[in-house]
1. For the stretch 32-51, enumerate the residues that are under 11 Å from residue 64 (Cα atoms) and either more than 9 Å from the ligand (Cβ to nearest atom) or exposed (fewer than 11 other Cβ atoms within 10 Å of the Cβ) (or both).
2. Is one or more of the residues making up the stretch 19-31 within 11 Å of the ligand (Cβ to nearest atom), modelled with pLDDT under 95 and assigned to a loop (DSSP other than H, G, I, E, B)?
3. Tally the residues that are more than 15 Å from the chain's Cα centre (by Cα) and either among the polar types (S, T, N, Q) or within 16 Å of the ligand (Cβ to nearest atom) (or both), restricting the search to the stretch 69-89.
4. I'm trying to understand the selection: among the residues of the stretch 52-68, which are assigned to a helix (DSSP H, G or I), surrounded by 12 or more Cβ atoms within 10 Å (Cβ to Cβ) and near the ligand (Cβ under 10 Å from one of its atoms)?
5. Within the stretch 69-89, which residues are of a type outside the set (D, E, K, R) and in a helix (DSSP H, G or I)?
6. Six or more apart or on different chains, Cβ atoms under 7 Å: show the pairs whose first residue is in the stretch 38-61 and farther than 13 Å from residue 78 by Cβ and among the basic types (Lys, Arg) and whose second is part of a loop (DSSP other than H, G, I, E, B) and modelled with pLDDT of 95 or more.
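The values are calculated or read from the model by the stated rules, or taken from the named source; none is laboratory data. Note that the coordinates shown come from a computational prediction; the quantities given were computed from them, not determined experimentally. Here the Cβ positions follow ideal geometry from the backbone for every residue, glycine too, while neighbour counts run over all protein chains shown.
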Amino acid sequence: MKKKKLKKGTLDVDTLKQIVRGIMSSREDEIDCGDCFEQLDHFSELSLAGKSADEALPLVKQHLETCPDCKEEFEVLLKALNAVSSKGG
Ligand SMILES: [Zn+2]
């Protein structure tokens, strides 16, 4: 494998625009509240199991960071799961 040499400081405007657009609105990768809610129980279970839910379900994590409603839902769910699991059932 030959390595390509990249020149530094030669980002063109179009590339920059694409990057900025990607940061500002990653619509393609976004999920809505319905999608989030569908995966929320799975996300909570992973979190509770000490697994990296963020990595497994990054879109859910992303949505929770931007949507207070779902975040609240998530916290309630997490508490509920915690209560269940602490009973040892
Ligand atoms: Zn939401």
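1. Taking the stretch 32-51 and keeping what is under 11 Å from residue 64 (Cα atoms), we get 32-33, 36-37, 40, 43.
Correct list: 32, 40, 43.
2. The answer is yes; a qualifying residue exists.
3. Initially, the stretch 69-89 is screened for residues more than 15 Å from the chain's Cα centre (by Cα), giving 69, 72-73, 75-89.
Subset that is either among the polar types (S, T, N, Q) or within 16 Å of the ligand (Cβ to nearest atom) (or both): 69, 72-73, 75-78, 82, 85-86.
Qualifying residue count for the region: 10.
4. Answer for the stretch 52-68, where residues must be assigned to a helix (DSSP H, G or I), surrounded by 12 or more Cβ atoms within 10 Å (Cβ to Cβ) and near the ligand (Cβ under 10 Å from one of its atoms): 60, 63, 64.
5. If the condition is that a residue be of a type outside the set (D, E, K, R) and in a helix (DSSP H, G or I), then 70, 74, 76, 77, 78, 80, 81, 82, 83, 84, 85, 86 are the ones that fit.
6. Filtered contacts from the stretch 38-61: no entries.
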